[in-house]
Structure formats: structure tokens, C-alpha cells
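Step one of this worksheet: look at the structure below.
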Amino acid sequence: METHHERLDGSGYPARTDAGDLDLESRILAVAEAFGGMVEEGPSGCRSAEEAIAELRTESGRLDPRVLDALARIV
């Protein structure tokens, strides 16, 4: 089952999986996919890495804050 669209608060899909059941790989993919969508050129524009991370942090409770912190250290 694909779980990278699941969210920590249970609002994701396809199964609305509880945070305790999400593996680290799914948490990483969720952050990477969201970040990539924000920094790539497309219909909604292109944000800087810093702007994208700041916006992702507003998704508190949906994305893993430890993964966001790791991403912020890398970029």
C-alpha cells in the first residue's frame, strides 16, 4: 500500500492511517513530495527553498517535524 499520502493527523489517503502506523520512509516521501511541488516551476509558481520550508512548517501536525528539520539543515 502506498502510504506517502498519509498525514500524521490522519487526514491523508488512501487509508487515513494513524501517525503511529506510518513508517519513516512514508514520512520522508510526504515531505519530499510537498517540498518538490513548491520549489519546481509550475502553474502555482516557484518558491525558494526557505519559503517552501516555512510554508511546510505551517502544516504542523500533518507532516513530520523531524523530517522538516532534517530538510531545513540540508538546504
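Read-outs throughout are calculated quantities, based only on the coordinates presented, and are distinct from any laboratory measurement. If you're wondering where the values come from, they're calculated on a predicted model, not measured in any experiment. In this analysis, Cβ positions are derived from the backbone assuming ideal geometry, glycine residues included, and neighbour counts consider all displayed protein chains.
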- Item | ³J(HN,Hα) computed for each position of segment 31-43 - Karplus, 6.51 cos²θ - 1.76 cosθ + 1.60, integer Hz, glycine/proline x | 5, 4, 5, 5, 4, x, x, 7, 9, 7, 5, x, x
- Message: Taking amide H atoms as placed 1.01 Å from N in the peptide plane, list the residues 5 or more away in sequence, or in a different chain, whose amide H sits under 5 Å from that of residue 63.
- Response: 8
- Query: Taking other Cβ within 10 Å of each residue's Cβ, how do 73, 57 sort, fewest first?
  - Reply: 73, 57
- Note on the structure: Here segment 27-74 gives, from Cα atoms, an Rg and Dmax in Å of 10.1, 29
- GluC sites (Glu not before Pro) within segment 34-75: DSSP coil, no more than 13 neighbouring Cβ in 10 Å: 40, 41
- Net charge (Lys, Arg +1; Asp, Glu -1) of residues whose beta-carbon lies under 14 Å from that of residue 57, residue 57 excluded, is -2
